[in-house]
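**Student:** Please see the structure below; I have some questions.
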Amino acid sequence: MQRFTCVVALGLQIVLFTVHVPHAGADCVGDCGQDGEVTINELLTLVNIALGTAPVTACPQGDADGNGAITIDEILRAVGNALAGCAAVPTPTPQTACQSNTDCSASYPYCGPDGNCWTHPCSDVCSDGNGCCGGDYPHCGPNDTCWTQPCTNICSGNTACCGGDFPNCGPDGSCWSQPCTTLCSGGTSCCGGNFPYCGPDNNCWSQPCSTLCGDTCCGPGSQCMSNQTCSH
């Protein structure tokens, strides 16, 4: 048996340098080390598995059909990969010209309104064409990001994006209808812009407000007078 193994090994080396064997393709049969190439030592491992002196677990990548054995055909495919090199596994690229999801591959299963296939549900192609949003995240935001609500302004920390009727980011990461820099007590309102001061009524005022006084609000150190004006 040892003599036979040596003869087979020598024969493989001769084949590697003298015979053209068709390349096996991207599956890279015989690449035991999964490093993108098939070496003579790996071919010898396949021979040993075929002879029964090594288990198939020594090189599962040689068992192309998964039947638990190494055949001559699989050894020849491995020789082909040793001669020509293993083909690189291509990076999936978006498919084009789809009319429905059935026209798309498993890597890009969703057909978009632009006729391209996308990795996620797509109903709205973003402005520069490099993103598409849909499903639970139907709204395009800056930089082709997708959001649950209309988005024109990504808030600090990238945890929220505001737009539509609530375009202003607040310090709490929420979106508000008006400029918001200061959350009022209770968190039900937020003040900013031309009305930056919270009042005791949770409304926003243009000046510091601590005491409501008719239609106005008096600031710290002021009192509400009987004529509903603030003392100074």
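The values are calculated or read from the model by the stated rules, or taken from the named source; none is laboratory data. Small disclaimer: the values here were computed from a predicted structure and weren't measured. Every residue, glycine among them, receives a Cβ derived from its backbone with ideal geometry; neighbour counts consider all protein chains shown.
**Student:** Please indicate, with yes or no, whether at least one residue in the range 172-192 is assigned to a loop (DSSP other than H, G, I, E, B), touching a Phe, Trp or Tyr at 6+ places or on another chain (Cβ under 7 Å), of a type outside the set (Ser, Thr, Tyr) and more than 20 Å from PRO138 (Cα to Cα).
**Tutor:** Of the residues in the range 172-192, the ones assigned to a loop (DSSP other than H, G, I, E, B) are 172-174, 177-181, 184-189.
Now restrict to residues that are touching a Phe, Trp or Tyr at 6+ places or on another chain (Cβ under 7 Å): 177.
Filter once more, keeping what is of a type outside the set (Ser, Thr, Tyr): none.
Within the range 172-192 (the criterion being assigned to a loop (DSSP other than H, G, I, E, B), touching a Phe, Trp or Tyr at 6+ places or on another chain (Cβ under 7 Å), of a type outside the set (Ser, Thr, Tyr) and more than 20 Å from PRO138 (Cα to Cα)), the answer is no, since none of the residues qualifies.
**Student:** Give me the residue from the range 94-118 that is surrounded by 10 or more Cβ atoms within 10 Å (Cβ to Cβ), of a type in the set (Ser, Thr, Tyr) and within 28 Å of CYS151 (Cα to Cα) and, out of that set, modelled with the lowest pLDDT. If you could, list the steps in order and put the result at the bottom.
**Tutor:** Here is the first cut: in the range 94-118, the residues surrounded by 10 or more Cβ atoms within 10 Å (Cβ to Cβ) are 94-96, 98, 101, 103-105, 107-118.
Narrowing the set further to residues that are of a type in the set (Ser, Thr, Tyr) leaves 96, 105, 107-108, 110.
So of that shortlist, the ones also within 28 Å of CYS151 (Cα to Cα) come out as 96, 107-108, 110.
Values: THR96: 64, SER107: 80, TYR108: 84, TYR110: 88.
Per the stated criteria, the residue is THR96.
**Student:** Now a separate question. Looking at THR71, THR57 in this structure, which one is at pLDDT below 85 and either of a type outside the set (Gly, Ala, Ser) or not assigned by TED's automatic domain parsing to the domain that holds GLN34 (or both)? Working first, answer last.
**Tutor:** On the way: THR71 fails: at pLDDT below 85.
After applying the criteria, what remains is THR57.
**Student:** Considering ALA64, ALA50, ALA26, which residue is surrounded by fewer than 20 Cβ atoms within 10 Å (Cβ to Cβ), assigned to a loop (DSSP other than H, G, I, E, B) and at pLDDT 80 or above? Talk me through it step by step, then tell me what you get.
**Tutor:** Working: ALA50 fails: assigned to a loop (DSSP other than H, G, I, E, B); ALA26 fails: at pLDDT 80 or above.
The match here is ALA64.
**Student:** Which numbered condition in (1) more than 30 Å from GLY52 (Cα to Cα); (2) at pLDDT 85 or above; (3) loosely packed, with under 13 Cβ neighbours inside 10 Å is the only one that PRO121 fails?
**Tutor:** (3)
**Student:** Turning to a different aspect of this structure: Taking the stated definitions as given, is CYS162 under 26 Å from CYS190 (Cα atoms) and outside any loop (DSSP other than H, G, I, E, B)? So that I can check it myself, show each step before the final result.
**Tutor:** On the way: under 26 Å from CYS190 (Cα atoms): yes; outside any loop (DSSP other than H, G, I, E, B): yes.
Yes, satisfied.
**Student:** Here's a follow-up. Take the residues in the range 213-229 that are hydrophobic (A, V, I, L, M, F, W, C) and closer than 17 Å to CYS198 by Cα, then tell me which one is surrounded by the fewest Cβ atoms within 10 Å (Cβ to Cβ).
**Tutor:** CYS213
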